[in-house]
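S.K.: I am attaching a structure below and will ask some questions about it afterwards.
The values are calculated or read from the model by the stated rules, or taken from the named source; none is laboratory data. Nothing here was measured: the structure is a model prediction, and the numbers come from that model. Using ideal geometry, Cβ is built from the backbone for each residue, glycine included, and neighbour counts are taken over all protein chains shown. Only protein heavy atoms, including side chains, enter the accessible area calculation; ligands, DNA and RNA are left aside. Shrake-Rupley method; radii C 1.70, N 1.55, O 1.52, S 1.80 Å.
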Amino acid sequence: MITPDKLWQLEGGQRRRKLALTFGALERDIAGIAEPGNEYSFGSMARAEYTRKLAAVVMKDPLLPENARAELQTLLDSPVFDERRLCNCARNHLLAIIGTFPAEWDLVIAPHSQTETAGQVENRPFFKGVKVYAEDIRSPFNLGSIMRTAEAFGAEQLYLSPFCTDEKHPRAIRSAMGCNEVLSVSRISLDQIPADENVFVLETGGTDIRDFKFPKTGVVILGSEELGVSPEALARANCGCVSIPMYGMKASLNVGVAFGILMENWIASLAR
């Protein structure tokens, strides 16, 4: 990290980039997930004071929009100082000036506390018997999103078909936001799903998700972005097909978004 005085010695564009990086490092430190060696270390100045001084530098930037300046001033004047929110707002306003917008993997997300549910894998809460089969998902970003959603909603297991994209692809890892490290993921063919397993598919033309009878345990199959689930997967679905009603002209959802809607409904049905 750099002292506020030294920041003024940098040129405008270089100063903005350095500030954006510093605010990101501060936000990770506040969230308790700073990389080793990148923790806040100015012993002569409290971190909150340092954050305020950096924000003051940002507010003097001639390219900062007035509404952004007003937002930062409101955060500085608040009787309860939200240090992390100030860092986040300042960083994103700087990125907007620079012309670089954060991707999902740039977001600073602190670990959440765990709660007791139906079972555990490596201390990870999950609903025993809730499993997902991703069939031929080609986009690494979509696969990472599926991993993140599966872990967030407490799926026990994620299966990948032989032709799914590589779960270790950098974009998959980035969009998984670390969930790939705790979620159980394995690669199997469709015919390796046990014959006595409850199986249903997420696809158009099925039962409305509001009326669908979710099994207490089973495997949901998600199809490819372009073609949906295969005929073989449809034939394997002994518990039927569930669909999400849509009303727009395109009537189309990203597979990761559709999967999130399905998981919320499935887990809610288990809670009931």
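S.K.: List the chymotrypsin sites (Phe, Trp or Tyr not before Pro) within region 203-272 that DSSP assigns to loop and that have no more than 12 neighbouring Cβ atoms inside 10 Å.
M.R.: Counting only loop positions with at most 12 other Cβ atoms within 10 Å, the chymotrypsin sites (Phe, Trp or Tyr not before Pro) in region 203-272 are Tyr247.
S.K.: Answer rounded, prolate or oblate for region 184-272, using the Cα gyration tensor with square roots of eigenvalues a ≥ b ≥ c: rounded when a/c is under 1.5, else prolate when a/b is larger than b/c, else oblate.
M.R.: oblate
S.K.: For Cα pairs less than 8 Å apart in space and 6+ apart in sequence, what is the mean separation divided by the residue count of the chain, i.e. the relative contact order in percent? Mind dumping the intermediate values first?
M.R.: Values: 396 pairs, mean separation 40.3, N = 272.
Result for the chain is 15 percent.
S.K.: Can you give the net charge of the other residues whose Cβ lies under 12 Å from the Cβ of Arg17, counting K and R as +1 and D and E as -1?
M.R.: Every neighbour counted, the sum reads +3.
S.K.: FRET efficiency for Lys60 and Asn123, Cβ-Cβ distance as r, R0 = 51 Å, nearest 0.05?
M.R.: 0.60
S.K.: Give the carbon-plus-sulfur fraction of the accessible surface of region 123-272 in %, rounded to a whole number; probe 1.4 Å, heavy atoms of protein chains only. Spell out each step's value before the answer.
M.R.: Details: 3950 of 7440 Å².
Carbon and sulfur together cover 53 percent of it.
S.K.: Could you order Tyr159, Tyr50 so the one with the most accessible surface comes first? Probe is 1.4 Å.
M.R.: Output order, biggest surface exposure first: Tyr159, Tyr50.
S.K.: Which FRET efficiency, nearest 0.05, do Ile2 and Asp166 yield, Cβ-Cβ r, R0 35 Å?
M.R.: The calculated FRET efficiency here is 0.35.
S.K.: Can you tell me the accessible area per residue over region 148-272, all protein chains present, probe 1.4 angstrom, in square angstrom?
M.R.: 54
S.K.: To continue, here is another question. Within region 166-272, report the GluC sites (Glu not before Pro) that DSSP leaves as loop and that have at most 15 other Cβ atoms within 10 Å. Walk me through the numbers on the way to the answer.
M.R.: Details: sites: Glu167, Glu181, Glu197, Glu203, Glu225, Glu226, Glu232, Glu264; in loops: Glu167, Glu197, Glu225, Glu226.
Passing sites in region 166-272 are Glu225, Glu226.
S.K.: While we're looking at this one, here's another question. Counting only heavy atoms of protein chains, what accessible area per residue, in Å², does region 1-62 have with a probe of 1.4 Å?
M.R.: Averaged over the residues of region 1-62, the accessible area is 55 Å².
S.K.: Please arrange Arg124, Arg272 by accessible surface area, largest first, computed with a 1.4 Å probe and ligands excluded. Each step should come with its number before you reach the end.
M.R.: On the way: Arg124 5, Arg272 210 Å².
My answer, sorted largest first, is Arg272, Arg124.
S.K.: Nothing charged except the Cβ atoms of Lys and Arg (+1) and of Asp and Glu (-1): what's the magnitude of the dipole of the chain about its Cα centre? Round to the nearest 20 debye.
M.R.: For this selection, approximately 660 debye.
S.K.: What are the aspartates and glutamates whose alpha-carbon lies under 18 Å from the alpha-carbon of Lys128, with same-chain residues fewer than 8 places away excluded?
M.R.: Straight-distance partners of Lys128: Glu116, Glu151, Glu156, Asp196, Glu197, Glu264.
S.K.: What figure in square angstrom, to the nearest 10, would you give for the accessible area of Asp166 with a 1.4 Å probe?
M.R.: For Asp166, the solvent-accessible surface is approximately 80 Å².
S.K.: Please give the Cα centre distance for region 22-89 versus region 213-272, rounded to the nearest Å.
M.R.: 42
S.K.: Hey, another quick one. Excluding residues fewer than 8 places away in the same chain, name every one of the aspartates and glutamates whose C-alpha is closer than 12 Å to that of Lys18.
M.R.: Of all the aspartates and glutamates, none pass the test against Lys18 - Cα under 12 Å, at least 8 places apart if same chain.
S.K.: Quick one: compute the contact order of region 178-272, relative version, from alpha carbon pairs under 8 angstrom and 6+ residues apart, as a percent.
M.R.: 33
S.K.: Report, for the chain, the % of DSSP beta bridges that are antiparallel, rounded to 5. Please list the in-between numbers first.
M.R.: Numbers: 4 of 26 bridges.
Approximately 15 percent, going by the DSSP bridge assignments.
S.K.: When the solvent-accessible surface of protein heavy atoms is calculated with a 1.4 angstrom probe, in what order do Thr207, Thr51, Thr165 fall, highest first?
M.R.: Of Thr207, Thr51, Thr165, the descending order of accessible area is Thr207, Thr165, Thr51.
S.K.: Expressed as an acute angle from 0 to 90° and rounded to the nearest 10, what is the orientation of the C-alpha long axis of helix 140-152 relative to the principal long axis of the chain?
M.R.: For helix 140-152, the angle is close to 80 degrees.
S.K.: Measuring from a point 7 Å past the Cα of Ser44 along Cα-to-C-beta, which residues in region 1-33 have an amide N at less than 12 Å?
M.R.: So the set is 3-6.
S.K.: Over the heavy atoms of Val80, what accessible area does a 1.4 Å probe trace out, to the nearest 10 Å²?
M.R.: 110
S.K.: For the chain, what does the helix formula give at 222 nm: sum of -39500 (n - 2.57) over DSSP H segments with n ≥ 4, over the residue count, nearest 500 deg cm²/dmol?
M.R.: Value at 222 nm, helices only, nearest 500: -12500 deg cm²/dmol.
S.K.: Then there's this: In a shell of Cβ-Cβ distance under 9 Å around Ser224, excluding Ser224 itself, what net charge do Lys and Arg (+1) and Asp and Glu (-1) give?
M.R.: Around Ser224, the charge tally is -3.
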